[in-house]
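*Asks:* Dropping a structure here in structure tokens format, bear with me for questions.
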Amino acid sequence: MKIADFNFAGKKAIVRVDFNVPLDENGKVTDDTRIRGALPTLKKVLADGGALIMMSHMGKPKGKVNEKLSLSQIVPNVSAALGVEVKFAKDCGNASEEAAALKPGEALLLENLRFYPEEEGKPVGVEKGTPEYDAAKKEMKVRQQEFAKKLASYADCYVMDAFGTAHRKHASTAVIDEYFDKDHKMLGYLMEKEVHAVDAVLGNIKRPFTAIMGGSKVSTKIGIIENLLTKVDNLILCGGMTYTFAKAQGGHIGLSICEDDKLDVALDVIKKAKENGVNLVLGTDSVCGDAFKNDCNTQVCPSGAIPEGWEGMDAGPETRKLFADAIKGAKTILWNGPAGVFEFDNFAGGSKAIAEAIAEATKEGAFSLIGGGDSVACINKFGLADQVSYISTGGGALLEAIEGKVLPGVAAIEA
């Protein structure tokens, strides 16, 4: 079923959205891209004369209630974006009454799905690799099925529109679909766009292809890095992982973030890049700070010669030029993850240099795909969102799709 062909009149629709938006210390939304991204789907339900039930996770509460991750904090933002007063169900697993009372044209947001361990379907408080874990996993699968069935019972039809979680086989993304026939489950508009954008990058790579991978850890990106080494012409690795690479090559990195157990992995990436003829671009200099805050003292140091008591917090001027050169002239560009602690204005220069170079290349005809919460926040912060080809709402899901993996959240609808 295609959402454009479905009439929601008189029906209750439960929509899996990705409202895992960044909040400040006062619980205020700092970037509402994901809420805005869901609007075409949500407004279609209401405009047709349907009743709307939205469900999402926020953060990683690991199956426990955590008020700091309550979706109640974003109700005003969702109400303002939708143009209707959004009701709130304090317990997503016991919202039958709220769902039943919903009238056509009304909207309800359920509390954080991950307050229930059944959403992720992982046993809690049992060590992996033990016989107890296997038993607990089996039992949890049954409970996950029941949880999904409960969520499904609130509505007549199901819409999957959370690309950011499409790579997870969670109750709300790839189990709930079993309780709806093929004419009453569908991808939302955002999901359709996301799937097409990935096809545009992979199904039709125009060269040179430059990928930029940022963020703090090599470990979370290693699968995609290895996969990209067989596809790209230029691979820029930036952000915190710079220092794992610098240390692996014998450098001194002061207090910089580093995964000491991944030094061999970093060396292996360097070796594979050479073998595949990929131009691997690593930071040569860094803007360093003597404390993790915006107004600390700063100095520019070589990335492999950072003094004790200092930490690398952004790409230095020499590195920014290297990045821009690798992006210039590219015809396909993928960016996931910032080049520094961009939330602090004094350490946003590296990420800004990348964003500006991408905007420039896009103007020259490149297809640029930006994905992952931080990269999206970056591009918005620098006011360049309208100068790139496509902004994806999903980080991990985008990377797994580009890795060539089947996304459970897509497969569940298309099966």
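*Asks:* Rounded, prolate or oblate, given the Cα gyration tensor of the stretch 249-353, with a/c below 1.5 counting as rounded? All intermediate terms of the calculation are to be shown ahead of the outcome.
*Replies:* Values: a/c = 2.13, a/b = 1.26, b/c = 1.68.
The shape class here is oblate.
*Asks:* Now for a separate question. Top to bottom by accessible area (1.4 Å), largest first, where do Tyr158, Tyr116 land?
*Replies:* Working: Tyr158 0, Tyr116 60 Å².
Order by accessible area, largest first: Tyr116, Tyr158.
*Asks:* For a quick check of understanding: with a 1.4 angstrom probe and all protein chains in place, what accessible area in square angstrom does His196 have, to the nearest ten?
*Replies:* 120 Å²
*Asks:* Then there's this: Given R₀ = 51 Å, FRET efficiency for Glu97-Leu202 by Cβ-Cβ distance, to 0.05?
*Replies:* Working: r = 45 Å, r/R0 = 0.89.
My answer for the efficiency is 0.65.
*Asks:* Over the chain, what is the percentage of antiparallel beta bridges among all DSSP beta bridges, to the nearest 5?
*Replies:* So the antiparallel bridges amount to about 20 percent of the total.
*Asks:* Which of the peptides 21-30, 262-271 is most tightly packed, and how do the rest follow, going by the mean number of other Cβ atoms within 10 Å of each residue?
*Replies:* Values: 21-30: 12.9, 262-271: 16.5.
Most protected by this proxy first, the peptides run 262-271, 21-30.
*Asks:* Sticking with this structure for a sec: How much accessible area per residue does the chain have, counting only protein heavy atoms and a probe of 1.4 Å, in square angstrom?
*Replies:* Values: 17720 Å² over 415 residues.
Heavy-atom accessible area per residue stands at 43 Å².
*Asks:* Magnitude of the Cβ-charge dipole of the chain, K/R +1 and D/E -1, about the Cα centre, nearest 20 debye? If you can, show how the numbers build up before the last one.
*Replies:* Details: 49 positive and 57 negative charges, 145 e Å.
Rounded to the nearest 20 debye, it is 700 debye.
*Asks:* Using helices alone, I'd like the mean residue ellipticity at 222 nm for the chain: each DSSP H run of four-plus residues gives -39500 (n - 2.57), total over residue count, nearest 500. List each step's numbers first, then the result.
*Replies:* On the way: 15 runs with 150 residues, N = 415.
Value at 222 nm, helices only, nearest 500: -10500 deg cm²/dmol.
*Asks:* Quick one: which of Lys231/Lys328; Lys28/Lys87; Lys11/Lys138; Lys64/Lys128; Lys231/Lys262; Lys193/Lys231 span more than 26 angstrom between C-alpha atoms? Don't skip to the end; give the middle numbers.
*Replies:* Numbers: Lys231/Lys328 18 Å; Lys28/Lys87 18 Å; Lys11/Lys138 35 Å; Lys64/Lys128 19 Å; Lys231/Lys262 23 Å; Lys193/Lys231 23 Å.
Distance filter (> 26 Å) returns Lys11/Lys138.
*Asks:* Given Asn297, Phe88, Gly250, which one lies farthest toward the positive end of the charge dipole of the chain, if we put +1 on the Cβ of every Lys and Arg and -1 on the Cβ of every Asp and Glu?
*Replies:* Final value for the positive-end residue is Phe88.
*Asks:* What's the magnitude of the charge dipole for the stretch 341-381 around its Cα centre, counting Lys and Arg as +1 and Asp and Glu as -1 at the beta-carbon? Answer in Debye, nearest 20. Could you put the intermediate results ahead of the total?
*Replies:* Values: 3 positive and 6 negative charges, 13 e Å.
Magnitude of the dipole: close to 60 debye.
*Asks:* Right, here's the next one. Give me the percent of the accessible area of the chain that comes from carbon and sulfur atoms, probe 1.4 Å, all protein chains in place. Write out the running numbers ahead of the final one.
*Replies:* Working: 8980 of 17720 Å².
That share works out to 51 percent.
*Asks:* How are the Cα pair distances of the stretch 136-231 distributed, in percent, across 5 Å bins from 0?
*Replies:* Using 5 Å bins, I get a P(r) of 2, 11, 14, 16, 15, 13, 12, 10, 5, 1 for the stretch 136-231.
*Asks:* Quick one: putting +1 on the C-beta of Lys and Arg, -1 on the C-beta of Asp and Glu, what dipole do you get for the stretch 230-357 around its Cα centre, in Debye to the nearest 20? The partial results should precede the final answer.
*Replies:* Working: 12 positive and 18 negative charges, 124 e Å.
Its charge dipole is roughly 600 debye.
*Asks:* From Cα coordinates alone, what are the radius of gyration and Dmax values for the stretch 193-330 in angstrom?
*Replies:* 15.7, 48
*Asks:* Just to be sure I understand: of the beta bridges DSSP finds with both ends in the stretch 210-312, what percent are antiparallel, rounded to 5? If you can, show how the numbers build up before the last one.
*Replies:* On the way: 7 of 17 bridges.
Approximately 40 percent, going by the DSSP bridge assignments.
*Asks:* Can you give me the solvent accessible area of Ile257 with a 1.4 Å probe, rounded to the nearest 10 Å²?
*Replies:* That residue has around 80 Å² of solvent-accessible surface.
The values are calculated or read from the model by the stated rules, or taken from the named source; none is laboratory data. Keep in mind it's a predicted model, so treat the numbers as computed, not measured. Methodologically, a virtual Cβ is constructed for each residue, glycine included, from the backbone with ideal geometry; neighbour enumeration extends over all protein chains shown. Protein only, heavy atoms only, side chains kept; ligands, DNA and RNA dropped before computing areas. Shrake-Rupley method; radii C 1.70, N 1.55, O 1.52, S 1.80 Å.
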